[in-house]
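Readers should treat all values here as calculations from the given coordinates under stated rules, not as data from a laboratory. In this text the structure is predicted, and so the values were computed from the model without any measurement. Note that we place each Cβ from the backbone using ideal geometry, even for glycine, and neighbour counts take in every protein chain shown.
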Amino acid sequence: MSVHGLGGIKEYVFDPSSPSFYDEADLASEERRVFDVCNGCRLCAALCPSFDLLFSRIDERDVTAHELSEGEMHEVMDACYYCKLCYSKCPYTPPHEFHLDFPHLALRHKAVRYKKEGAGLAKKILADPAALNRRSRPLAPLANAVNRFKPARHVLSWALGIHPEAPLPPVASRSFGQLFKKMPKIETPSDRAVLFTTCLVDGNYPGLGQALVAFLAACGVEVVLPEGQECCGIPAFDIGDIQASAAKARKNVALLAPYAKQGLPILAPVSSCAMMMATEYPLLVPGDAAKAVASATKDLFDYLASLKKRGLWPKSEPKPLGDVAYHLPCHLKQMGVGFKGRDLLAALPGTQVKLMDACSGHDGTYGIRTETYEASMKSGRKLFGKVREAEGLIATECPLSALQIEHATGRRPEHPIVLLARAYGLG
């Protein structure tokens, strides 16, 4: 298991290979047990839609957790979008004898329903963003125009279940992988690091990847970009397709394990993908290779902070950025390494960083599906209010949170690596 974890959480209740994993009666029994504990505690009240629904259904009918209907249990579990914020609140996570792992229980619930009922083609398409980007890239200008054209968005709502108001990431006409091949290489590097590009950087925001490579080059770090990377697999969690997620994880583990065993760090510029590799891969792909990849996966800014301590840092004089409001992504907390992106920005001269600790509510397909869009926007209201009040620049390490923030407030956040590159004059 990876050394990563939030608040000491390094044990998880999730084993798809267990004979009882897909047993509906066993699942229902475990859910009622967990719901009963949660109802007696309620530290997670108002934390996310799942707990709001759980407690309201119990209170409205004045029943116990064991008296909830099957439909109500589906309602509670379907509302979980895997932010994992409950790990930071729950006093009963392993190794406590109550052994509560609510996010993985919700994931198991979705997996059991997926195995029994499947999912429509539209949901399967949305659960594979890498393939969607590959198909859209040759027609990128048209795809982006469609995304902005309201009548077309209503067609997408009918065809794919995408809410017509939900923001969609732009499709890049050239992938980051294509652009990377033309970027200058370091002749005598002081360090090497493996880049896991993520679907968002490779297919939607290649400029973010270029800024990252340019900044690492200024630190004397050679970036290794293995070809054949798959989506990290976390979007498939939204529909409970554990097999698809595990298949992608196996491919990435086979590709990255040789580098991990050489001692090279693996960097993912999106915290959700880094969290997936560091905490979920050993659960989906048992064996030493997955554990090696998990242990080698580093938070990007934790790695950059280590470079700075070693004196591997850009030589140019940085420019001040002024006020920066820094959004803390939920999945970054799961990495358990602190908030090094904020710290590196705050170390710039003439730069004042204010932390915004609130969920954007996006979480991949949850923020765009017709049935969950409104709940997603409701979950992000606290953050949107903070953004509206903030002065200066807005920063977040999650491109999807940035999309959600801009949609709700009109203010466009930047990734911290882009701001660092800008401060040091690296483009």
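Things worth noting here:
- Which of F339, A402, G361, positive extreme of dipole for the range 309-427 (C-beta unit charges): F339
- Entry note, the chain: the mean residue ellipticity at 222 nm calculated from DSSP H runs of n ≥ 4, each adding -39500 (n - 2.57), is -14000 deg cm²/dmol after division by the residues and rounding to the nearest 500.
- For the range 169-242 versus the range 52-111, the inter-centroid distance based on Cα atoms is 36 Å.
- Projected over all directions and averaged, the alpha-carbon convex hull of the range 208-294 occupies 5.8 nm².
- Cut-off under 5 Å, modelled amide H: who pairs with K354 long-range: V324, A325, Y326
- In nm, spacing of pseudo-spin labels at H66 and R32 (7 Å Cα→C-beta vector): 0.7 nm
- For a straight C-alpha distance cut-off of 25 angstrom, the lysines reachable from K89 (same-chain residues fewer than eight places away being disregarded) are K10, K110, K298, K333, K340, K354, K378, K382, K386.
- Partnerless cysteines, meaning none of the other Cys C-beta atoms lie under 4.7 Å away, in the chain: C38, C41, C44, C48, C80, C86, C90, C199, C219, C231, C359, C398
- Among V201, V387, a tally of other beta-carbon atoms within 10 Å of each Cβ gives an order, fewest to most, of V387, V201.
- Kirkwood hydrodynamic radius of the range 303-427, Cα pairs, Å: 15.2 Å
- Shape category assigned to the range 121-160 from the gyration tensor of Cα positions, a/c cut at 1.5: oblate
- Rounded to the nearest 0.05, the FRET efficiency derived from the C-beta distance between D288 and R381 at R0 = 60 Å is 0.85.
- Fewest-first ranking of H415, H407, using other Cβ atoms within 10 Å as the exposure measure: H407, H415
- Coarse-grained scattering of the range 128-208 at q = 0.14, 0.15, 0.21, 0.26 Å⁻¹, given as base-10 log I(q)/I(0) from a Debye sum over alpha-carbon atoms: -0.56, -0.61, -0.99, -1.29
- ³J(HN,Hα), Karplus 6.51/-1.76/1.60, whole Hz, each residue of the range 364-376, x for Gly, Pro: x, 6, 4, x, 10, 5, 4, 7, 10, 4, 4, 5, 4
- Relative contact order (%) - the chain, alpha-carbon pairs under 8 angstrom, separation at least six: 16 percent
- The label point for L264 and the one for K89, both projected 7 Å from the Cα toward the Cβ, are 4.1 nm apart.
- Stokes-Einstein D for the range 24-117, Kirkwood Rh over Cα pairs, 4 °C, 1.567 mPa s (µm²/s): 97 µm²/s
- Extension gain for the segment E371 to E11, taken as residue separation times 0.36 nm less the Cα-Cα distance, is 126.4 nm to one decimal.
- Anisotropy class of the range 145-289 from Cα gyration tensor, a/c 1.5 cut: oblate
- Rounded to the nearest 20 debye, dipole of the chain from Cβ charges on Lys, Arg, Asp, Glu: 1780 debye
- In terms of other Cβ atoms within 10 Å, D36, D59 run from fewest to most in the order D59, D36.
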